[in-house]
Each structure stands twice: as structure tokens, then as C-alpha cells.
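Worksheet for the structure shown next.
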Amino acid sequence: MDLTGTEERIAAFSSLADPTRRRLYLYTVSRPEGAGRDEAAEATGISRGLAAFHLDRLIADGLLVADYRRLTGRTGPGAGRPAKIYRRSDLELSFSVPRRNHELLARLFAQAMSSTPSFSPGASGTPLDALLDAARDLGIALGVEARRTAGARPGRQRLLEAAAAVLQENGFEPRAQGNACLVLGNCPFIPLAREYVELVCQANLALMEGLASGLRIKGVEAVLEPQPGRCCVTFQPAPRAAPASDAPVEH
């Protein structure tokens, strides 16, 4: 079974719960040039075989990577076999329960700042306009991604499931509830959302409006509906347009 991004992060943290593995990891990442099995085993006081087992497990969990090189610096016949050298991977770990996604909010503000007159010559509009535009653009990109994963000619339910998967990976904890198509059970922007309620909620609404637009889902709209203990936006069935009247106009 394929793991979700959240499950992969939990698995990586769980890997470091083992004290021996944790010592090996901390020692290895403290060495800018990386560390071999013999060196890591000696530094942590364990056997070479046990060190190899835990180091390779750290690779499997995405925390370390390895390459091969000769530690003596010699080349050619008689130089010996290259050693397996372990070093830190590019994986960045952060985890909170419930999930927080300050990186997403920071990206919106950075994009907005780069397009306002104070930061970008020739740009127009207020900083708030730029923030909402940035949020809507990112939402459209998420919606397009979700629609692509929904497959060919998806119906509304399949589109909602694809949107829920994208929203889940970004920390919103979507679920069906009551008459709503999707309720977002978690606000990943706390604590900033508590300090700047109106600003963050407006940006979040623009983000979800963009997602619905990129998803190209009919009969569903993002609505600002703040409730305690959840995100301020829900996806609701869009109201049907009133039918045109055929009654004659009286003069």
C-alpha cells in the first residue's frame, strides 16, 4: 500500500525513536563529508553489522542517502574497494498534530509582496489585492492537479475525492458533513489565523475559490462559514439559478 505524505513523515519520525538509530543519525549528519559504517560504528559504540543495518534503515526512511568513494584517496589497482558513505538527505522534517502549514501561507505572502508597487516596479493594486490574487492562483494550480488525478471524464463525486486528497496533504483535514460537500476540519494557518483573522480568512477563501475553479467542478462553491474548531471555508452546493419567467410583462 502506498503511503500518503503524512504517513511518510510519521514513519520518518518513528525511525528516529530507536535510540541506536537516533545516535547514528545525529553522528552522521554532524559530519559534513558524511560517515562510513566503520567510523559510525566506532563513534556510537556498536558493531559494524548493527551500524550497517540501522544506517540502511535510515536510507529506506528517507533520512539519509549514500554514495561510494575511497577513503584513502588512492585510485587504480590496489586502492581497495570504495566505502559506502552516508550523509544527510534533502528530506525536511516537521510535524505537528493537528497539521500546520505555515510554508503555504508564507509562500502566498512572499508572492504578494513581490507583485506590489513597493517591491515590484510597474505593479498595480494594493497588497491585499496581490495577496488574494496569489492565493487564487495557487488554488487554481491545486485544483488543476486534483482534476488531473481524478482521471478521464470525472463526475462530481470523483472530483470532490481528488480535491479532498490535495487538501488533506496540505493539512486541511477535509470531510463530508451535513449538507456541505466538504468541510475543512483543520486550519493549518493557526496561530496566525487567530491573530489576523480577517486577512487570513480572506486569503483562504480566495485559495479555495481558485481550487474550485481549477477543479472545474459544477454545482459546488467555496463559502466563508467560520465555525469553532475548524477552517473558515466550506464547499457547499451552489444555489441553482432561478428559471426565467415565461409570464407576459404587463404594461
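The values are calculated or read from the model by the stated rules, or taken from the named source; none is laboratory data. Model, not experiment: these values are computed from the prediction. Glycine also receives a Cβ, built like all others from the backbone with ideal geometry; neighbour counts cover every protein chain displayed. The protein model used for the area step is the full one, side chains on, heavy atoms only, and it has no ligands, DNA or RNA in it. Shrake-Rupley method; radii C 1.70, N 1.55, O 1.52, S 1.80 Å.
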Length gained, LEU91-PHE13, 0.36 nm per residue minus C-alpha separation, equals 26.9 nm
How large, in percent, is the carbon and sulfur part of the accessible surface of the stretch 190-239 at a probe radius of 1.4 Å? 56
Residues whose modelled amide H sits under 5 Å from the amide H of LEU64, counting only those 5 or more places away in sequence or on another chain, are ILE59, SER89
What's the FRET efficiency of ASP137 with LEU224 using the Cβ-Cβ distance as r and R₀ = 22 Å, to the nearest 0.05? 0.70
Relative to the present Cα-Cα distance, how much length would full extension add between ARG31 and ARG158 at 0.36 nm per residue of separation? 40.9 nm
Once a ≥ b ≥ c are taken as the square roots of the eigenvalues of the Cα gyration tensor of the stretch 116-221, is the result rounded (a/c under 1.5), prolate (a/b larger than b/c) or oblate (a/b not larger than b/c)? oblate
